[in-house]
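The values are calculated or read from the model by the stated rules, or taken from the named source; none is laboratory data. What you are looking at is a predicted structure, and each value in this text was computed from that prediction instead of being measured. Cβ placement follows ideal geometry from the backbone for every residue including glycine, while neighbour counts extend to all protein chains displayed. Note: accessible area is taken over every heavy atom of the protein model, side chains too, but ligands, DNA and RNA are not part of it. Shrake-Rupley method; radii C 1.70, N 1.55, O 1.52, S 1.80 Å.
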Amino acid sequence: RKGVRLTIKLKPYGINAIVIDIKDVDGKLSFVPSNSEVLKYKSYDTASISYREFKSLLDILSKSHIYTIARISLFKDCYISRRYNRLSLPPKKGYKSSYCWLNPANKEVWSYLLSLTKEALNLGFNEVQYDYVRFPAGKEASKVLLPRNIRKTGKTKILANFLKEAKR
C-alpha cells in the first residue's frame with residue numbers, strides 16, 4: 001500500500017467528530033503500533049494499517065476540523081486473554097477459558113492499556129473513549145473465578161484505581 005488516500009466530505013452532512021475503534025472487543029488493533037509495550041503482544045493483523053498511514057489519516061481529519069475520538073475496549077479482549085492466560089481472569093472449573101476477559105487487577109494489563117492510550121494520544125487523537133470498563137456480567141460472570149485480591153479489594157475500587165492511573 002502507498003499511504004492512505006482519503007477525501008473528507010463529512011462537513012456538508014454536519015459531521016464534526018468521528019469515533020475510531022483502535023482496539024475492539026476481539027482485541028485486534030486497527031494499526032500497527034510503534035510503542036514496544038503494545039507491540040510485544042502483537043495484537044494486530046494484516047488488515048491493520050501502518051502507524052504512519054494511521055497518523056496520516058488523523059492529520060487529514062484534523063486539517064478538516066474533524067474531532068477524533070479513539071475507542072479502546074479495555075478489559076474485554078479475546079485476542080490477548082486467549083494467548084496470554086496469565087493476563088486473563090481464570091475460568092471456573094469445567095470451563096476452558098475466561099471467555100475473553102482480561103484481569104482488571106493485573107498491573108501488566110494496566111501497563112498494556114495505558115501504553116495503548118498514550119499511543120492513541122501520540123497519534124493525534126483529540127480524545128480517548130474507554131469501553132468495557134467493567135468485569136464480566138451475566139452468563140460471562142458465571143464462567144470466571146474472581147481471584148482473592150479482587151474479592152478483597154473490590155471490583156469498584158480496582159476499576160476506580162485504574163481510571164485514576166489513566167487520568168494521571
Residues of segment 104-149 being open to solvent by less than 60 Å² (accessible area, probe 1.4 Å), among the charged types (D, E, K, R) and farther than 15 Å from Pro91 by Cα, which ones? Glu108, Glu119, Asp131
Working only within segment 19-38, note down all residues that are surrounded by 15 or more Cβ atoms within 10 Å (Cβ to Cβ), at pLDDT 80 or above and not in a loop (DSSP other than H, G, I, E, B). Ile20, Asp21, Ile22, Lys23, Leu29, Phe31, Val38
What are the residues in segment 58-73 that are touching a strand residue (DSSP E or B) at 6+ places or on another chain (Cβ under 6 Å) and either modelled with pLDDT under 90 or under 12 Å from Leu29 (Cα atoms) (or both), if any? Leu61, Ile66, Ala70, Arg71, Ile72, Ser73
Have a look at Tyr13, Tyr44 and point out the one that is open to solvent by 40 Å² or more (accessible area, probe 1.4 Å), at pLDDT below 75 and closer than 24 Å to Tyr84 by Cα. Tyr44
Could you grab me the full set of residues in segment 39-73 that are more than 21 Å from Tyr130 (Cα to Cα) and part of a loop (DSSP other than H, G, I, E, B)? Lys40, Asp45, Thr46, Ala47, Ser50, Ser64, His65
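Answer with yes or no whether Leu58 is aliphatic (A, V, I, L, M), more than 11 Å from the chain's Cα centre (by Cα) and exposed (fewer than 15 other Cβ atoms within 10 Å of the Cβ).
no
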Which pairs have Cβ atoms under 7 Å, sit 6 or more apart or on different chains, and link a residue in segment 113-140 that is farther than 17 Å from Ser62 by Cβ to one that is surrounded by 15 or more Cβ atoms within 10 Å (Cβ to Cβ) and among the acidic types (Asp, Glu)? Ser115/Glu37
Regarding segment 129-143, can at least one residue be identified that is modelled with pLDDT of 90 or more, within 14 Å of the chain's Cα centre (by Cα) and part of a helix (DSSP H, G or I)? no
Going through segment 74-97 in order, the residues found to be surrounded by fewer than 23 Cβ atoms within 10 Å (Cβ to Cβ) and either among the acidic types (Asp, Glu) or outside any helix (DSSP H, G or I) (or both) are Lys76, Tyr84, Pro90, Pro91, Lys92, Lys93, Gly94, Tyr95, Lys96, Ser97
